[in-house]
1. Assuming Thr83 fulfils every condition listed in (1) in contact with an Asp or Glu (Cβ under 7 Å, 6 or more places away or on another chain); (2) within 16 Å of Met47 (Cα to Cα) apart from one, which condition is it?
2. Within region 34-49, identify whether any single residue is in a strand (DSSP E or B), modelled with pLDDT of 90 or more and within 16 Å of Leu133 (Cα to Cα), and answer yes or no.
3. What pairs can you find where one residue is in region 115-133 and on the phi > 0 side of the Ramachandran plot, the other is of a type outside the set (Phe, Trp, Tyr) and part of a loop (DSSP other than H, G, I, E, B), and their Cβ atoms are less than 6 Å apart, with a gap of 6+ or different chains?
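The values are calculated or read from the model by the stated rules, or taken from the named source; none is laboratory data. None of the values given here were measured: they were computed from a predicted structure. A quick note on method: Cβ atoms are made from the backbone with ideal geometry, for glycine too, and the neighbour counts reach across all protein chains shown.
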Amino acid sequence: MKSKKNVIVASPGWIDDPFRAFTTLVREPLFEYPKRLREMLNEGYEMPRVDVIDKGASFHVKVDMPDVDKKDIRLKVTDNTITVKASKTEQKEDSGSGYYARERSSIGFYRVVEMPEAVKGSTAKAKYENGTLTIDVQKEKPKEESEVKVE
């Protein structure tokens, strides 16, 4: 931080860490996002709406996924992402005198949510109710820096 006439100006993180700038500005848009988009489109998934709410020591995440069963939802939490995937396939057959009909339908959701801060996957709790998946996950405590004496 720089101080000038009692005004504190915080510098963006990419100025202090050029590798973070590369990751944020180049690697993710060129490599990560297209890869995820290709995966989603190839598998026929829709991208559900997501709300991420900062609760101080934790995050509360809401994911809209109507018409899927709780048993069909897959949830994965890593250091800074939450991946949600769900799919449902239905097949109906009907026959009568002189006709036979078969209909198939499928619905799927896939979303990778980049968290603003690192989270502890082991603390994640999820609940699915009325078409909305809610996830509560604790933030990872920042790693402490320690000064090392040079001998």
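1. (1) is the only condition that Thr83 fails.
2. Within region 34-49, none of the residues are in a strand (DSSP E or B), modelled with pLDDT of 90 or more and within 16 Å of Leu133 (Cα to Cα).
3. Filtered contacts from region 115-133: Gly131/Pro66.
Rundown of residues vs (1) in contact with a Phe, Trp or Tyr (Cβ under 6 Å, 6 or more places away or on another chain); (2) of a type in the set (Lys, Arg); (3) at pLDDT below 90, yes/no style:
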{"residue": "Asp72", "(1), (2), (3)": "no, no, no"}
{"residue": "Thr89", "(1), (2), (3)": "no, no, yes"}
{"residue": "Lys120", "(1), (2), (3)": "no, yes, no"}
{"residue": "Tyr128", "(1), (2), (3)": "no, no, no"}
